[in-house]
Amino acid sequence: MRYSLAFLTLVGAAALASFNGVFIRALGDMTDWQIVFWRHLLVGLMLCVGLAGFYRARFVSAFRKIGRLGIFGATAFGLSLVFLTMALHTSPVADVMFTLAAIPILTALMAWVTLRERIEKVTWIAMIGAAIGVALMVVGHLTGGSIKGVGLSVGCAVTVSIFAVILRWGRDLDMIPMFAVGSLIAAAIALPFSYDNLSLNRETITILVLWGGLISPIYYSLFVVASRHIRAGELMLVVPLETILAVLLAWLVLTEIPGTNTLLGGILIIIAVSGMAIYRMYEQPKGGTA
């Protein structure tokens, strides 16, 4: 796959992921833990159904192929969702997003150490630019939250980076089973905290099925496809990209008008990510994989 097509696939994944905020707002009567449980239970089940339909008799073999390292990556993915939920419970969103801005750089460093993936100058520029963009978006909202909240945010950043590196390690395999297992792990962890005042009406069920049963599985599948052709550090630029797309979507759908710093930060993120992508497209005119 050409780098340009892989990058567009990644942008498509980020665009679908940016709907998360809209869906969470629509599920305002549910707790964070209930959302984590129901969403990822549906994601895990739908990915399993899709894999069963695709592989048929080789369904179990597809899960075995990801190996112990894939299961470790699935566990890291599941834990990252739990860490994120707990961090948002104990710290302001701006503080959490500021910490998560380090994910692309942390992932690139991990991939350099473990996979020996080169970090090019243009990638460094894009990662630093995106991090500055996120910082600009949250400046004025930072509160110096609790040590617990910061620790949980760091835990989320580390576990996300681990699973991203493992995803790149398995780029010659089908790593969608890793997302299926990770989603079910997250649902299992959230289950004990999901019983309080649970009310599932037709509207809530429809939203959950649309989000967890359709959009999220497509997003994760596109992310796996993109990961086969984009280096780890560049791949995780999806995090700040998803952030600015979510802000723009909230502006259009929820009429939440972003502030000046948010717009400036978003513009910087778009310039940094698109500039890197354009450079890499011209660098690989014949479409070699990363």
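Tabulated data for the structure shown
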| quantity | calculated |
| --- | --- |
| Residue-by-residue Karplus 3J(HN,Hα) for segment 170-178, coefficients 6.51, -1.76, 1.60, Hz, glycine and proline x | x, 5, 8, 10, 8, 9, 4, x, 5 |
| Accessible area expressed per residue, segment 85-197, with surrounding protein chains retained (probe 1.4 Å, Å²) | 45 |
| Positive-end extreme of charge dipole, segment 100-244 - chosen from L237, I147, W169 (charges on Cβ) | W169 |
| For segment 156-162, Karplus couplings with θ = phi - 60° (6.51, -1.76, 1.60), whole Hz, Gly/Pro x | 5, 4, 5, 5, 4, 5, 4 |
| Simple spin-label estimate for I147 and I267 in nanometres, 7 Å along Cα-Cβ | 4.1 |
| Structure-based [θ]222 nm, the chain - -39500 (n - 2.57) summed over DSSP H runs of at least 4, per residue, nearest 500 | -24500 deg cm²/dmol |
| Label-point gap, in nm, between A57 and L248 - each point 7 angstrom along Cα→Cβ | 4.8 |
| Unit charges on C-beta of K, R, D, E only; dipole of the chain, Debye | 1040 |
| Mean Cα-pair separation over length for the chain, i.e. relative contact order, pairs under 8 Å, 6 or more apart, % | 42 |
| Derived scalar couplings ³J(HN,Hα) [segment 36-42; Karplus, 6.51 cos²θ - 1.76 cosθ + 1.60; whole Hz; x for Gly, Pro] | 4, 5, 5, 4, 7, 5, 5 |
| Portion, in percent, of the accessible area of the chain that falls on carbon or sulfur, probe 1.4 Å | 70 |
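The values are calculated or read from the model by the stated rules, or taken from the named source; none is laboratory data. Predicted model, so just to flag it, every value in this text is computed and none were measured. Neighbour counts are summed over all protein chains in view; Cβ atoms, including those assigned to glycine, are modelled from backbone coordinates with ideal geometry. Calculation scope for accessible area: heavy atoms of the full protein, side chains included, ligands and nucleic acids excluded. Shrake-Rupley method; radii C 1.70, N 1.55, O 1.52, S 1.80 Å.
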